[in-house]
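These notes are about the structure you will find just below.
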Amino acid sequence: MGRFHVGHARRGRSKAMDKAKSPSRWFPGPLALASGCALFLAAGSVPCQDIEPRAYSNAPVGVNFLIAGYAFTRGGIAFDSALPVTDPRLDLSSTLLGYARVLDFWGRSGKLDVILPYSWLSGSADDQSLPVERVVDGFADPRLRLSINLYGAPALNLKEFKAYRQDLIVGASLQVSAPWGQYDGSRLINLGTHRWSIKPEIGVSKAVGPWTLELSAAATLFADNTDFFGGRRRAQDPIYSAQAHLIHGFRSGVWASLDATYFTGGQTTLDGIARDDRQSNWRLGGTLALPIDARHSLKLYASSGVSARTGNGFDLAGVAWQYRWGGGL
């Protein structure tokens, strides 16, 4: 395969307010999977670019999530920033289907999620000053992730979860991206990457009243692509990334976040020759989660590249619908 180079009601409050506050009805986006998965559509096959608030919050064991989303990006190369092209002028529309389940890991909460994207791409870029055009649609690389909350988020059933209030959570995850997306080795621009990648991550989430501050750090390691643009071998150094989220939760169950991510590294070599494409890029964004009822919610999100050494100067906007069931809901 190559190298991997969510107390009790206070007296005097209305019943309506109690209902809105109840975690069993409005538990605050415990997986945030609709946000995270849908943002993946923009990042395509480069998971270090994800912006995912509430990745390590708690939820009742046995709850399932089904996610469907749409995202649109325009500008810099959003799906594979290591390609040897310049001045990208690309539009990428993506849909997503995702599933997740909250699990009990020896008394600690966790989740398993899988993401399957389908994308439409059109536009052009320059390869050594020559224009390259591409119109293509197909599946991008799917992802599978296993997460566990190591501290501060015990595995709880729905009845127990009603009394839970977050303080400090420490969690970790491992994500695998499989090379099963659309790929044509004779083309420079593809939706898939023709290589495996893995992404270990650790995250911390601290709640203070209605505010939550989240920080995470990760490294994405890549196998070699042995059929890159005419049969060449492309290797890539690890990409190191960090995320920060400032989240505010409202009594109605609505929450909003300001999001940022930074990623660096990822220099590539083609047939052993190093390229000057090391990344050092910032992205900023925002997320708004809108509960509809006990089972349905919507998430709106947007982000933009604010500083980029190589590519990734793309703008993104999207929406995701989330349906949850099981676990006593």
Fill in the blank from the handout: Among 188, 174, the single one that is of a type in the set (A, V, I, L, M) and modelled with pLDDT under 95 is 188
Exercise for the section: Report those strands (runs of 3 or more DSSP E) wholly inside the stretch 116-200 carrying at least 3 residues which are more than 21 Å from residue 270 (Cα to Cα) and within 19 Å of the chain's Cα centre (by Cα). Expected result: 143-151, 168-177
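Would you mention how many residues in the stretch 286-313 are modelled with pLDDT of 80 or more, in contact with a Lys or Arg (Cβ under 9 Å, 6 or more places away or on another chain) and assigned to a strand (DSSP E or B)?
Looking only at the stretch 286-313, we keep the residues that are modelled with pLDDT of 80 or more, and these are 286-306.
Now narrow it down to the ones that are in contact with a Lys or Arg (Cβ under 9 Å, 6 or more places away or on another chain): 287-291, 293-297, 303-306.
Subset that is assigned to a strand (DSSP E or B): 287-291, 296-297, 303-306.
Looking only at that region, the number is 11.
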Exercise for the section: Among what's in the stretch 238-257 and is in contact with a Lys or Arg (Cβ under 8 Å, 6 or more places away or on another chain) and modelled with pLDDT under 95, pick the residue that is nearest to residue 303 (Cα to Cα). Expected result: 253
Handout entry: Sole exception among (1) surrounded by 16 or more Cβ atoms within 10 Å (Cβ to Cβ); (2) among the polar types (S, T, N, Q); (3) out of contact with any Gly (no Cβ under 7 Å at 6 or more places or on another chain) for residue 280, by number
Key = (1)
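Kindly indicate whether residue 138 is touching a Leu at 6+ places or on another chain (Cβ under 6 Å), at pLDDT 90 or above and farther than 26 Å from residue 178 by Cα.
Working: touching a Leu at 6+ places or on another chain (Cβ under 6 Å): yes; at pLDDT 90 or above: yes; farther than 26 Å from residue 178 by Cα: no.
No: the conditions fail for residue 138.
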Problem - Candidate set from the stretch 85-103 (those that are under 24 Å from residue 282 (Cβ atoms) and surrounded by fewer than 18 Cβ atoms within 10 Å (Cβ to Cβ)); member that is modelled with the lowest pLDDT - result: 86
Problem - Residue count for the stretch 247-263, restricted to those that are under 24 Å from residue 175 (Cβ atoms) and either surrounded by 15 or more Cβ atoms within 10 Å (Cβ to Cβ) or over 23 Å from the mean Cα position of the chain (by Cα) (or both) - result: 8
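Please go through the stretch 210-255 and pick out each residue that is of a type in the set (Asp, Glu) and either assigned to a strand (DSSP E or B) or touching a helix residue (DSSP H, G or I) at 6+ places or on another chain (Cβ under 6 Å) (or both).
Here is the first cut: in the stretch 210-255, the ones of a type in the set (Asp, Glu) are 214, 224, 227, 237.
Matches in the stretch 210-255: 214, 227.
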Exercise for the section: With the checklist (1) touching a strand residue (DSSP E or B) at 6+ places or on another chain (Cβ under 9 Å); (2) surrounded by fewer than 17 Cβ atoms within 10 Å (Cβ to Cβ) in hand, flag the one item residue 267 doesn't pass. Expected result: (2)
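The values are calculated or read from the model by the stated rules, or taken from the named source; none is laboratory data. Predicted model only: the values in this text are computed from it and were never measured. Methodologically, a virtual Cβ is constructed for each residue, glycine included, from the backbone with ideal geometry; neighbour enumeration extends over all protein chains shown.
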